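Asks: The following block contains the structure, expressed as structure tokens.
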Amino acid sequence: MTASSLFTLVIALISLSETVATSAPTMKPTNAPTKKPTSSPTKKPTNAPTVYVGTNKWYMKDQLCGKDCATGTEDCIGVVRDNWVTLYDTVAACCAGKLSYLDPSYCAARSGTTPAGTNKFYPDSQNGRCVKDETGTLAKNTDKLYADAATCCSTGLGWVNSDFCESRSTGESGFADKWYVDYDSMTCKNDCNATATTLPSGVNATAACEENEDRSITYYDTAATCCAGKLAWIPSATCQAVSATGAAATSTGTAKYYADYASSGKCVQDCAVGSSQPFCGGILTNVAGVQLFDTVEACCASKFGWMDGDLCKSKTTGTATNKWYVNYQDNACVQDCTAAANSPCDGSPPDSSTQLFSNAAACCTAKLGWLDSTTCVSVSTTGSASTTGTNKWYADYASSGTCKVDCVVASSSNCGGVLSNTAGITLYDNANACCAAKFGWQDTSVCAARATGGYSGKFYVSYQDNACLKDCAVATANPECGGNPSDLSTQMFSTGAACCAAKLGWLNQATCTSLSTTGAATSSTGSQKWYVDWSISKCVKDCPAANGGSCGGLAESWEPAEFTSSSACCSAKLSWKPVSDCSI
């Protein structure tokens, strides 16, 4: 079908549809008519609709309770129109149902349109008191409320003294009217208002009253109990009198001893200077904080414990102890007595903490132990050292380089002269002890021998002579003697043989020993032992060549003749050669 044919068909169908008739009408009417007319109209219009004014019950709003009624009326906070809001008959029921986390009395008092206080108390931790929940000082909803100030203080502020807290709480005076200690003045004070409080008879308000600011302080009902509890070291009567009136209990003093740190630095008596008491330092106008003692010894022991007890007492009495103390400047001990020329007395020690001793010897031993005790005691007691010396040994580094005796030179060759000052010099009972302690790098016997101007008789090596020399006086008759060794640190030996073996082992030991002990080589007959004659590379016997046979001549000092047979020599020294060609 062509496009034009299709178009013609569509037009024809449209025309046909427009000419079709609607449905035929119904046979009868729809619903049957009513049997009678509807109700007749009213004679007059009905009443106007009424306005809803609420239930006058309680509900929660803004974290408090109020009544369901129009605002402007007491306790009314607006009409509730939402059916999901819970209503309560009473404010208490509302508070319990919706605000149970609040104190019930707080909730009830703050609800409605005119919030009021509960007349209960809440803690003020910043000031250590409890405040009444009333107009002007209303509590916050987070504050814990208590029925009274006492309960609030004991429970809500348990770390604060209850008397302090209650006296500072609402409705109270702000003062506890009780006694507490004041360590600054070493007295007891009354926490009271000097201008408003009636104090017991004899109590001076100006002196006794002072507002306490320490919340944890311990209070006492009387000055007496305060003094006993906190200032027990102060005489009770004095403490009470000073606390209550500001004046001491007596004007004549107690005649007891106390430490006078400020003026004299010693123990003095609490009495008027010039009175019958001998050691008065003046009457104390206030003994608060001052500890008193019955005796000067007790005062010294307690208050000047770093000082020798006798010295402390002597400062009080004005006498000397006659004890001894060290004077490092003079390297001696001096006596605590009135200073005088040519006397060990040097007055009281300038340092009160100086240790004192009962005698010079004890002082020398304890304080100048490096000095000879005898010399120290002599210098300390007489002012000079002994003129004959101590007859003890000391290291004389400067002159002899050995140990010498502290004695007059002319009296013995051992004497190095009398020491004018033994400070820093150690003295010994004998030369060996001195040498061992002060010349340890030397052979002790050589040091001791030199100290007495003698010789040790021991041997030392002389490489120049290829022999060992004996420490003895050099003399033609004693060619083996070499005198004292020039090097005092040289090792010494008790025999020439030991010296040769240790220091000249490469030499013929018989020859070395002979030279060391006699000053001459071994005898012309030789040792009859075998040695290597390297000039012919054969083993020969140590005996004069003129003797013939196996004699190869006397061995030189560097040719050790150490073998007892030719076979032993050949085996040890010429093992590569045939035995038949090894010796002569």
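Asks: Sorting check: for 203-214, 465-476, which peptide has the highest mean count of neighbouring beta carbons within 10 Å, and how do the rest follow?
Replies: Sorting 203-214, 465-476 by mean packing, highest first, produces 465-476, 203-214.
Asks: Compare Val409, Val579 by solvent-accessible area with a 1.4 Å probe and give them largest first, with all protein chains kept in place.
Replies: The ordering from most to least exposed comes out as Val579, Val409.
Asks: For the pair Ser399/Ala362, report the inter-label distance in nm, with labels modelled 7 Å from Cα in the Cβ direction.
Replies: According to this spin-label approximation, the distance is 3.8 nm.
Asks: Determine the principal axes of the Cα atoms in the stretch 502-584, then give the extent along each, sorted from largest to smallest and rounded to whole angstroms.
Replies: Sorted from largest, the Cα extents of the stretch 502-584 read 39, 30, 20 Å.
Asks: Can you tell me the accessible area per residue over the chain, all protein chains present, probe 1.4 angstrom, in square angstrom?
Replies: 56 Å²
Asks: Extension gain Ala147-Asp429, at 0.36 nm per residue separation less the Cα-Cα distance, in nm?
Replies: Taking 0.36 nm per residue and subtracting the Cα distance, the gain is 92.0 nm.
Asks: Something else about it: Calculate, for Ser173 and Ala255, the FRET efficiency according to 1/(1 + (r/R0)^6) with r their C-beta to C-beta distance and R0 45 Å; round to the nearest 0.05.
Replies: Here the calculated transfer efficiency is 0.55.
Asks: Next up: Tally Lys/Arg at +1 and Asp/Glu at -1 over every other residue whose Cβ is under 11 Å from the Cβ of Cys333; what's the total?
Replies: Summing Lys and Arg as +1 and Asp and Glu as -1 gives -1.
Asks: What does the charge count around Tyr455 come to, taking other residues whose C-beta lies under 15 Å from its C-beta (Lys +1, Arg +1, Asp -1, Glu -1)?
Replies: Taking every Cβ under 15 Å from that of Tyr455, the sum is 0.
Asks: Here is a further query. If you take the Cα Rg of the stretch 66-198 and divide it by 2.2 N^0.38 Å, with N the number of residues, what do you get?
Replies: Scaled against compact globular proteins, the figure is 1.49.
Asks: What number of lysine-lysine pairs in the stretch 83-217 show an alpha-carbon separation below 17 angstrom, given a sequence spacing of 8 or more or placement on distinct chains?
Replies: 6
Asks: Starting from the Cα gyration tensor of the chain, take the square roots of the eigenvalues, sort them a ≥ b ≥ c, and report rounded, prolate or oblate (rounded when a/c is under 1.5, otherwise prolate if a/b is larger than b/c, else oblate).
Replies: Verdict is oblate for the chain.
Asks: What is the calculated FRET efficiency for Trp506 to Ala572, with r their C-beta to C-beta distance and R₀ = 22 Å, to the nearest 0.05?
Replies: Computed FRET efficiency for Trp506 and Ala572 comes out at 0.90.
Asks: Stretch Ala194-Ser275 to full length: gain in nm at 0.36 nm per residue minus the Cα-Cα span?
Replies: Computed gain between Ala194 and Ser275 is 25.3 nm.
Asks: Rounded to the nearest 0.05, what FRET efficiency do Asp221 and Ser185 have when you use their Cβ-Cβ distance and R0 = 25 Å?
Replies: E(calc), rounded to 0.05, equals 0.75.
Asks: Please report, in whole Å, how far the alpha carbons of the stretch 322-419 spread along each principal axis, starting with the longest.
Replies: 47, 23, 20
Asks: Here's a follow-up. With both partners inside the chain, how many of the DSSP beta bridges are antiparallel, as a percent to the nearest 5?
Replies: About 85 percent, rounded to the nearest 5.
Asks: Would you work out if the stretch 150-243 is rounded, prolate or oblate? Take a ≥ b ≥ c from the square roots of the eigenvalues of the alpha-carbon gyration tensor; rounded if a/c is under 1.5, else prolate when a/b is larger than b/c, oblate otherwise.
Replies: Oblate, since a/c reaches 1.5 and b/c is not below a/b.
Asks: While we're here: Note down the net charge around Cys227, summing +1 for each Lys or Arg and -1 for each Asp or Glu among other residues with Cβ under 13 Å from its Cβ.
Replies: 0
Asks: Rounded to the nearest 500 deg cm²/dmol, what is the calculated helix-only ellipticity per residue at 222 nm for the chain, with -39500 (n - 2.57) per DSSP H run of length n ≥ 4?
Replies: Taken over the chain, the calculation gives -6500 deg cm²/dmol.
Asks: Cβ neighbours within 10 Å, averaged per peptide: list 551-563, 493-505 in order, most packed at the top.
Replies: 551-563, 493-505
Asks: Beyond 26 Å between alpha-carbons counts as too far, so tell me which of Lys256/Lys313; Lys458/Lys529; Lys503/Lys573 fall in that bin.
Replies: Listed pairs above 26 Å: Lys458/Lys529.
Asks: Would you mind computing, in nm to one decimal, how far apart the modelled labels at Leu87 and Gln126 are, each placed 7 Å from Cα along Cα→Cβ?
Replies: In this crude spin-label approximation the distance works out to 4.4 nm.
The values are calculated or read from the model by the stated rules, or taken from the named source; none is laboratory data. None of these values were measured; they are calculated from a predicted model. Ideal geometry is used to build each Cβ from the backbone, glycine not excepted, and the neighbour counts take in all protein chains shown. Ligands, DNA and RNA are stripped out before the accessible areas are found, and what is left, the full protein with its side chains, is counted by its heavy atoms. Shrake-Rupley method; radii C 1.70, N 1.55, O 1.52, S 1.80 Å.
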